[in-house]
Amino acid sequence: MQERALLMIPGPTPVPEEVLLELAKHPVGHRSKDFMAVTEAVLQKLKWLHQTKNDVMILASSGTGAVEAGIINFFSPGDRLLIGANGKFGERWIEVAKAYGLDVDPITAPWGQPLDTEEFRRKLEADTAKAYKGVVVTHSETSTGVLNDLAKINDHVKAHGALIIVDAVTSLGAVALPVDEWGLDVVASGSQKGYMLPPGLGFVTANDRAWQAYETAKLPRYYLDLGKYRREVTPFTPPVNLIAALYKALEMMEQDGLEAIFNRHQKQMRATRAAVKALGLPLLAADSCASPAITSVAPTTVDAQQVRSLIKKRFNIVLADGQDHLKGKIFRMGHLGYVSDRDIITAVGCLEAVLNELGHTCSGAIAAAAQELIK
Ligand SMILES: *Cc1c(COP(=O)(O)O)cnc(C)c1O
C-alpha cells in the first residue's frame, strides 16, 4: 500500500482537502465579477491574518519573490541596508540586495544562534548621519529553526527611523506578529508555509512610511512593482485557483482564530522539542530562541542523513535536510500550518523507532510529546 506521505518539512507544508479541491476546479476568468468578489474577500482576510489595516499585495511568486519585492520597491541604488544573517535566508537577502546595487552592511551570527539585538542597537545608534535606509530581518530563520527577537530589533530600528523589512515567511500564521501594533513597515510571506496552501503565492504588506519611500525609490522594478498590485490587486494573470484555495484556507484559519493558531504552534514546538530531548538527541537552537515552525536536530550518535532516509523508507515521513554547511549534519522537522497533534505523535514515535533501528537506543518520545500536547 502506498501511504500518503507525511510532510514534516518547513514548506511545502500539508494542505487540507477542502483547500486542495479548489485547485481541481476549472479556472475562472481573472477579470470576471465572481473572481473579483473572491479577491476582495481574500484581501480582507489577509489583513486579518497580518493584523494590519494596510493593503496586502498578492504576487504569483514563491516567498523569495515576495521578500525581493519587499526590498526593491523602497530603496535606490547605493542605499545602505543593515541585514541580519544567521542562516540561509538572511544570507539570501544580502545576495538580493547586492544584486540590485544596494550597499549592504551585514550583522551575522553563527547558524543556530539568534541575531544579537545589541549589535543592531549599537550600529543604529552610531549612525547619527542616518545612512541606513533600511534593516532586513528574517523573523523565523527556517534553515536553523531560530526565531530572532524581532520585537527588540524593531525597537532599535524605530529609534533610528530606517524602514524595517521583515521576512515573515515561516513566522506569519505561526507566531504573534502584530504588524500595525509594532509598526513593521514591510512584511513578506509565502503560501506554502503557514498558509496551508501549495507553493505559488507571495504576499507583501507595506505601511504609509514604506509607500512614502516607494515614491522616491529608484531601483528598477517591473513585475515586482508593488504599486501595480496596490492599484489593481491582480495587474497580471494571477493563479486564480490558488487564490480560490487561499480563500478557503483563510476561512479555516479565521474559524480557529489567531490566538488558537499561535497556541497550537507553540504547543507542537514544545512537544517536538520535548520528544527530541527524551530521545537523547541534541537540538540545534536553544529553547529561548526556538522557532514555532521548525525544529532542527543535530545528532552526533547517528547519521542525520540515515535518519531521514530510513524514516522515509519505513514510514513515508519526509524530514528536511540541513542547508549549505549543515547539509547532512542536521535534520529539520517542520510543524507549520496544517499539522495535527496526531502528526506530531506519529512523527516522534516513528523517529524513535528509526533511531533504535540505527543503533541509538532510546525511548519515551511519545510520552514526552503527549505531555506537552495535552497541557
Ligand atoms: C521558505 C522561505 C523563504 C522563501 O523561500 P521560497 O522557496 O522562495 O518560497 C524565505 N524565507 C524563509 C525564512 C523561508 O522559510
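The values are calculated or read from the model by the stated rules, or taken from the named source; none is laboratory data. Fair warning: this is a prediction, and the values are worked out from it, not measured in the lab. Note that we place each Cβ from the backbone using ideal geometry, even for glycine, and neighbour counts take in every protein chain shown. Surface accessibility is based on the protein's heavy atoms, side chains included, excluding ligands, DNA and RNA. Shrake-Rupley method; radii C 1.70, N 1.55, O 1.52, S 1.80 Å.
In the range 1-23, what residues are away from the ligand (no atom under 16 Å from the Cβ), in a loop (DSSP other than H, G, I, E, B) and out of contact with any Pro (no Cβ under 8 Å at 6 or more places or on another chain)?
M1, Q2, E3, R4, A5, P16
Could you figure out which of (1) away from the ligand (no atom under 16 Å from the Cβ); (2) touching a strand residue (DSSP E or B) at 6+ places or on another chain (Cβ under 8 Å); (3) closer than 22 Å to G334 by Cα; (4) polar (S, T, N, Q) isn't true of T234?
Failed condition: (3).
Yes or no: the range 316-333 includes at least one residue that is outside any helix (DSSP H, G or I) and at positive phi.
Within the range 316-333 (the criterion being outside any helix (DSSP H, G or I) and at positive phi), the answer is yes, since at least one residue qualifies.
Out of the helices (runs of 4 or more DSSP H) lying entirely within the range 24-103, which hold 2 or more residues that are within 16 Å of the ligand (Cβ to nearest atom) and open to solvent by less than 30 Å² (accessible area, probe 1.4 Å)?
Per the criteria, 63-72, 88-99.
Out of K267, K277, K313, I need the residue that is surrounded by fewer than 18 Cβ atoms within 10 Å (Cβ to Cβ), out of contact with any His (no Cβ under 9 Å at 6 or more places or on another chain), in contact (Cβ under 8 Å) with a residue 60 or more places away in the chain and not in a loop (DSSP other than H, G, I, E, B). Which one?
K277
Inside the range 114-152, can you point out the residues that are assigned to a loop (DSSP other than H, G, I, E, B) and within 16 Å of the ligand (Cβ to nearest atom)?
Once the filter is applied, which keeps residues that are assigned to a loop (DSSP other than H, G, I, E, B) and within 16 Å of the ligand (Cβ to nearest atom), the range 114-152 yields P114, L115, H139, T142, S143, T144, G145, N148, D149.
So which pairs qualify, if the first residue must be in the range 152-164 and in contact (Cβ under 8 Å) with a residue 60 or more places away in the chain and surrounded by 20 or more Cβ atoms within 10 Å (Cβ to Cβ), the second must be among the basic types (K, R) and in a helix (DSSP H, G or I), the Cβ gap must be under 7 Å, and the two must be at least 6 apart or on different chains?
L163/R209
Take L172 and decide whether it is more than 30 Å from D321 (Cβ to Cβ) and either away from the ligand (no atom under 16 Å from the Cβ) or open to solvent by less than 20 Å² (accessible area, probe 1.4 Å) (or both).
It is false that L172 is more than 30 Å from D321 (Cβ to Cβ) and either away from the ligand (no atom under 16 Å from the Cβ) or open to solvent by less than 20 Å² (accessible area, probe 1.4 Å) (or both).
Please state which one of T138, T117, T144 is over 15 Å from F75 (Cβ atoms), open to solvent by 10 Å² or more (accessible area, probe 1.4 Å) and β-branched (V, I, T).
None of the others qualify; the one that does is T117.
Which residue out of L326, L319 is farther than 21 Å from G364 by Cβ, open to solvent by less than 30 Å² (accessible area, probe 1.4 Å) and within 16 Å of the ligand (Cβ to nearest atom)?
L326
May I ask you to list the residues in the range 59-72 that are within 13 Å of Y223 (Cβ to Cβ) and in contact with a helix residue (DSSP H, G or I) (Cβ under 7 Å, 6 or more places away or on another chain)?
Once the filter is applied, which keeps residues that are within 13 Å of Y223 (Cβ to Cβ) and in contact with a helix residue (DSSP H, G or I) (Cβ under 7 Å, 6 or more places away or on another chain), the range 59-72 yields L59, E68, A69.
Taking T108, is it polar (S, T, N, Q) and either within 16 Å of the ligand (Cβ to nearest atom) or surrounded by fewer than 18 Cβ atoms within 10 Å (Cβ to Cβ) (or both)?
Here the answer is yes, as T108 does meet what is asked.
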